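To start, the structure under review is shown below, and the notes come after it.
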Number of protein chains: 2
Amino acid sequence: MSERVYLMCISCGREFERDTLIYTCSSCGDLLDVVVEPKSLFRRDTLQGRVDSMWRYKELLPSFDKGLVTLGEGYTRLVECKKLAKWIGVRSLYLKLDGLNPTGSFKDRGMSVGTSTALRLRMKRVICASTGNTSASLSAYSARAGLECIVIIPREKVAVGKLFQARLFNSKVFQMVGGFDDAMTVVLKCAQALDAYILNSINPWRLEGQKTTAYEIWEQLGRTDIAVAVPVGNCGNISAIWKGFKELGIHGVIKDLPIMIGAQAEGAAPLVEYWEKGLETIRPWKNPETIATAIRIGNPVNWKKAVRALRESKGLITAVSDDDVVKALRAMSSLEGLAGEPSSAVAIAASKKLVDEGRIDPDTTLVSVVTGNPLKDTSDYLISWNEPVKITDANEIIGYFSRQK
Amino acid sequence: MSERVYLMCISCGREFERDTLIYTCSSCGDLLDVVVEPKSLFRRDTLQGRVDSMWRYKELLPSFDKGLVTLGEGYTRLVECKKLAKWIGVRSLYLKLDGLNPTGSFKDRGMSVGTSTALRLRMKRVICASTGNTSASLSAYSARAGLECIVIIPREKVAVGKLFQARLFNSKVFQMVGGFDDAMTVVLKCAQALDAYILNSINPWRLEGQKTTAYEIWEQLGRTDIAVAVPVGNCGNISAIWKGFKELGIHGVIKDLPIMIGAQAEGAAPLVEYWEKGLETIRPWKNPETIATAIRIGNPVNWKKAVRALRESKGLITAVSDDDVVKALRAMSSLEGLAGEPSSAVAIAASKKLVDEGRIDPDTTLVSVVTGNPLKDTSDYLISWNEPVKITDANEIIGYFSRQK
């Protein structure tokens, strides 16, 4: 067997050679899938002793014999959480801690493949529009790869902290008037003029990295008759994780496929609207608003792939309020000592809501993906329920606890 | 063989039963070591298939058959960095990414053992004085264990962000007038009155967790004829890592022992002063000042253990300026896409300084411990060398790069 890797349009099925510099189908304009036909059988017993990163699943990933850009991403911890399972109302719960990736989010999986692809295409520059996890991750992987990285950010509503990682990892950062959509327009113009490779969500290679979350859940949990909850913004991650599970099925590694659970914030829920109202196409939301900033997206690029994941997996999707996000974050952190950026708590809150509504069976084994590190967002409103107590000496503390009895 | 675990005074050698509620020697007042006599042989080939956390080295750790408190800490990535090796001036360099622990610092290793010990001692409460990584870690592990956690913080010079994790993980936080030493005095008073177990640096069990960094470097790198650079504040981590290597030697697992390299900031360098001036005892610094806040400590609790590590390993110690810390952080992040909180960059800066001075052989294989996640400190002065460029349209960006040619 020899490996074959190519691109295929999700709509018209047209195929493109692996090394085509292309982001969408040149025939019909729709999204592209990467297809990897493995060069050898993929089996569980071959995994022992392999690298402790997502590259342990090398048969199922595009190969980069020379020029693999890696920081040890993926193969993150899967931790059982009995108390939080009870809070949600399911039989068992596991948190997939993707906030412990090198730059603190699941994006690192995709950027490892994305920047490796940039090198393979002999690009010297990469570019993205982003104010958050994407630019942090691309900046770090570009530094590692020796690629010049350009980050375009909207000047409005950008927290200084969100820029920290892009600046730290030496990207060239441009701040422009306008919002994210304006920044994206600038990216498209600059990419061609500057010979820069675009690594925004439209890039299909990133999802090849992100699909490894599915392989890890399978390897670490040892079963796939489960539900997998994922926060949904630009719709890439839920699509990628479903792709990973489907591939395990295609290669005969697993029989049971999981139910995918999509979780959106009420203030940024175009996919929920599409799904519940049975629309023909997604209706972009102009001013999405939620504290879960990583999924504050009104016009998700990969929505068609997410719809495919929900349909094929007989999945569920729902939206939760910001209040419920704070409650879910509080439950995670207080009960288990584990937390995530607010969007990660959206998946917990949505799972609880679906159990309460009778749409998730309480007998379910649930895996919830913690997509980003809690240190990504240290806003005070997330912890306002726990105000420090001002004291002047030890007796006040002792008094405090004697009153609690 | 049956496991034997006990405490031993580093000064008078008096031994204490494992379950004695004690922090220092009741005879002479000096520090205590934990001694683990393994119940079975420890060999490399028994490690395959074990848990992906520091608990894979179970023979060498105190056992907690029931009531092990774990979030999957340790067994963090060791990543080779060729470009940064060249910058420092050594043959090869590996970064040990301990910022990817559950709460973002190496403290999680110690708190896993520390809170497990609290449960074993049937304590219901734990307490610490801290404004940083210690309180973040203790808070998370207490939540996981169901222990009530009390955190005492000085009201002065405390960044809100530093409190975020303690509040998020549901600790009871008390803010008091004064500095760290005052807060520590309050901890000592409250601990007894409130039956709370102290998990500050004086607690010898924490170092049992932290020693596993040595086991991992051995397992992951496959050799120990190396130098290991560690930031030095309260002196616990360098002592613990040395203890781990020494134990591997005692159990016949390794022959070569590493050279330990201690790294302090010039504004908080009492151990360097002690070492270089050949003092009889350490001289506490009243107002330590450095941007490397995790090691801004003037009166290190575990200094005697660190001195032992430096003497026994024929080690080196030096201090670097805050300017050099920023330069080292910039080198790490720009060259490799990896970073740490400022104290982690202190170890890089110190290694470079020692190579430049001819005190480290350029042929050395160096492992530098990245003790904390870069998201722990997102201060603007760390990235002031990379200011965003304000633009209004794409042409300005294109113009910018054409001028660069």
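Listed peptides A:162-170, A:392-400 appear in the order A:162-170, A:392-400 once ranked by packing, highest mean of other Cβ atoms within 10 Å at the front.
Comparing Cα centroids, segment A:118-184 and segment B:194-208 end up 43 angstrom apart.
Residue exposure proxy: A:LYS124, A:LYS314, B:LYS211, ordered by other Cβ atoms within 10 angstrom of their Cβ from fewest to most, comes out as A:LYS314, A:LYS124, B:LYS211. Put a plus charge on the Cβ of each Lys and Arg, a minus charge on the Cβ of each Asp and Glu, and nothing anywhere else: the dipole of the protein assembly as shown about its Cα centre is then about 580 debye.
Computed from the C-beta positions of B:GLU219 and A:SER40 and an R0 of 35 Å, the FRET efficiency is 0.80 to the nearest 0.05. Taking θ as phi - 60° and the Karplus parameters 6.51, -1.76 and 1.60, the scalar couplings of segment A:389-401 work out to 9, 7, 9, 10, 8, 4, 4, 5, 5, 4, x, 4, 6 Hz in sequence order, x denoting glycine and proline. Peptide B:100-107 has a mean of 4 when you count, residue by residue, the C-beta atoms of other protein chains within 10 Å of its C-beta. Peptides B:42-51, A:269-278, ordered by how many other C-beta atoms sit within 10 Å of their residues on average, highest first, read A:269-278, B:42-51. Among residues of chain A, the one whose Cβ lies closest to the rotation axis carrying chain A onto chain B, together with that distance rounded to whole Å, is A:LEU375, 2. Taking 20 Å as the cut-off, the amide N atoms of segment A:171-208 that come nearer than this to a point 7 Å along the Cα-to-beta-carbon line of B:ASP393 belong to A:174-195. As a length-normalised measure over Cα pairs under 8 Å and 6 or more apart, the relative contact order of chain A settles at 16 percent.
Classify segment A:283-350: rounded, prolate or oblate, from the alpha-carbon gyration tensor (a ≥ b ≥ c, eigenvalue square roots; a/c under 1.5 rounded; otherwise prolate if a/b is larger than b/c)? Oblate, since a/c reaches 1.5 and b/c is not below a/b. Centre-to-centre, using Cα atoms only, segment B:326-405 and segment B:16-39 are separated by 42 Å. The mean number of Cβ atoms from other chains found within 10 Å of a Cβ in peptide B:378-386 is 5, as a whole number. Here the Karplus relation 6.51 cos²θ - 1.76 cosθ + 1.60, evaluated at θ = phi - 60°, turns the backbone of segment B:346-352 into coupling constants of 4, 5, 5, 4, 5, 4, 4 Hz, with x for every Gly and Pro. Sorted from longest to shortest, the spans of the Cα atoms of the protein assembly as shown along the three principal axes equal 82, 61, 52 Å. Spin-label model, A:ARG359 to A:LYS286: label points 7 Å out along the Cα-to-beta-carbon direction sit 2.8 nm apart.
Sorted shortest first, the separations between the A:VAL51 label point and its copies elsewhere in the assembly read 2.7 nm; each point sits 7 Å from Cα along the Cα-to-Cβ line. Close amide H contacts of B:TYR197 (hydrogens built in the peptide plane, cut-off under 5 Å, sequence separation of 5 or more or a different chain): B:ARG125, B:VAL126, B:ILE127. How large, in Å, is segment B:93-239 by the Kirkwood hydrodynamic radius built from its alpha-carbon pairs? For segment B:93-239, inverting the mean 1/r across all distinct Cα pairs yields 15.9 Å.
Amide H contacts for A:ILE317 (H built 1.01 Å from N in the peptide plane; partners 5 or more residues away or on another chain; cut-off under 5 Å): A:GLY262. Compared with the dominant Cα axis of chain A, that is its longest principal axis, helix A:236-250 is turned about 70°. Suppose you put the label 7 Å out from Cα in the Cβ direction; list, shortest first and in nm with one decimal, how far A:SER384 is from each other copy's label. Result, one decimal in nm: 3.3. Compared with the alpha-carbon gap, the fully stretched path from B:GLU276 to B:ASP19 is longer by 88.6 nm at 0.36 nm per residue.
The mean number of partner chain beta-carbon atoms within 10 angstrom of a residue's beta-carbon across peptide B:389-402 is 6. Packing around the peptides B:198-207, A:367-376, A:338-347, B:53-62, taken as the average count of other Cβ atoms within 10 Å per residue, puts them in this order, highest first: A:338-347, A:367-376, B:198-207, B:53-62.
Extension gain, A:LYS66 to A:TYR381: 0.36 nm times the residue separation minus the Cα-Cα distance gives 108.8 nm.
Phi angles of segment B:316-331 translate, via the Karplus equation with coefficients 6.51, -1.76, 1.60 and θ = phi - 60°, into HN-Hα couplings of 9, 9, 8, 10, 10, 7, 4, 4, 5, 5, 4, 4, 5, 5, 5, 5 Hz per residue; Gly and Pro are given as x. Remark: label point of B:GLY179 defined 7 Å out from Cα along the Cα-Cβ vector; separations to the same position in other copies 5.0 nm, ascending. Between the beta carbons of A:ARG403 and A:ARG122, assuming R0 = 51 Å, the FRET efficiency works out to 0.15 to the nearest 0.05.
Taking amide H positions as modeled 1.01 Å from N, with prolines and chain starts lacking one, the residues under 5 Å from A:THR364 and 5 or more places away or on another chain are A:ARG91. Calculated on C-alpha atoms, the gyration radius of segment B:141-203 divided by its Kirkwood radius gives an Rg/Rh of 0.95.
Since every read-out is calculated from the coordinates, none of them should be taken as a lab result. Just so you know, these numbers come straight off a predicted model, no measurement behind them. Positions of Cβ are backbone-derived with ideal geometry, glycine not excepted, and every protein chain shown enters the neighbour counts.
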